[in-house]
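This report refers to the structure that appears directly beneath it.
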Amino acid sequence: MEFTKMESLGNDYIYFNCLDNEIESPEKHSIKLSNRHFGVGGDGIILIIRSDKADFRRRMFNADGSEGQM
């Protein structure tokens, strides 16, 4: 899996470019990858996906697998 990890103000997320590839079960991936002992480590994952209203949009999944709202 190709990803970018970014940190700001104490939060760190794992970003995935999903414009051409879809990630199945992002909830499960978020739980596994966010583990700081056995995964990449982070507060969750962010998927960059296509949008009908803007250039892009994002879906954010917390480390527990729940989808974050913003």
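Per-structure values
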{"item": "Looking only at region 60-70, and only at residues there that are open to solvent by less than 60 Å² (accessible area, probe 1.4 Å) and at pLDDT 95 or above, the one that is farthest from M1 (Cα to Cα)", "result": "S66"}
{"item": "Test set (1) touching a Phe, Trp or Tyr at 6+ places or on another chain (Cβ under 7 Å); (2) hydroxyl-bearing (S, T, Y); (3) open to solvent by 50 Å² or more (accessible area, probe 1.4 Å) - S25 fails condition number", "result": "(1)"}
{"item": "Any pair with Cβ under 8 angstrom, 6 or more apart, that starts in region 9-26 at a residue that is over 19 Å from G42 (Cβ atoms) and ends at one that is in a strand (DSSP E or B) and modelled with pLDDT of 95 or more", "result": "L19/I48; L19/I49"}
{"item": "Evaluation of Y13 against (1) open to solvent by 70 Å² or more (accessible area, probe 1.4 Å); (2) part of a strand (DSSP E or B); (3) not hydrophobic (A, V, I, L, M, F, W, C) (one fails), failing number", "result": "(1)"}
{"item": "Single match in S25, S34 (criterion: over 10 Å from the mean Cα position of the chain (by Cα), at pLDDT 95 or above and among the hydroxyl-bearing types (S, T, Y))", "result": "S25"}
{"item": "Any chance R57 is charged (D, E, K, R) and either open to solvent by less than 100 Å² (accessible area, probe 1.4 Å) or in contact with a strand residue (DSSP E or B) (Cβ under 9 Å, 6 or more places away or on another chain) (or both)", "result": "yes"}
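This table checks each residue for (1) aliphatic (A, V, I, L, M); (2) assigned to a loop (DSSP other than H, G, I, E, B).
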{"position": "E7", "(1), (2)": "no, no"}
{"position": "L19", "(1), (2)": "yes, yes"}
{"position": "E27", "(1), (2)": "no, no"}
{"position": "K32", "(1), (2)": "no, no"}
{"position": "F38", "(1), (2)": "no, yes"}
{"position": "I48", "(1), (2)": "yes, no"}
{"position": "D52", "(1), (2)": "no, yes"}
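The values are calculated or read from the model by the stated rules, or taken from the named source; none is laboratory data. Every value quoted in this text rests on a predicted model; they were computed, and no experiment measured them. Positions of Cβ are generated from backbone atoms using ideal geometry, with glycine treated the same way; all protein chains shown enter the neighbour counts. When the accessible area is computed, the model is the full protein with side chains, heavy atoms only, and any ligands, DNA or RNA have been set aside. Shrake-Rupley method; radii C 1.70, N 1.55, O 1.52, S 1.80 Å.
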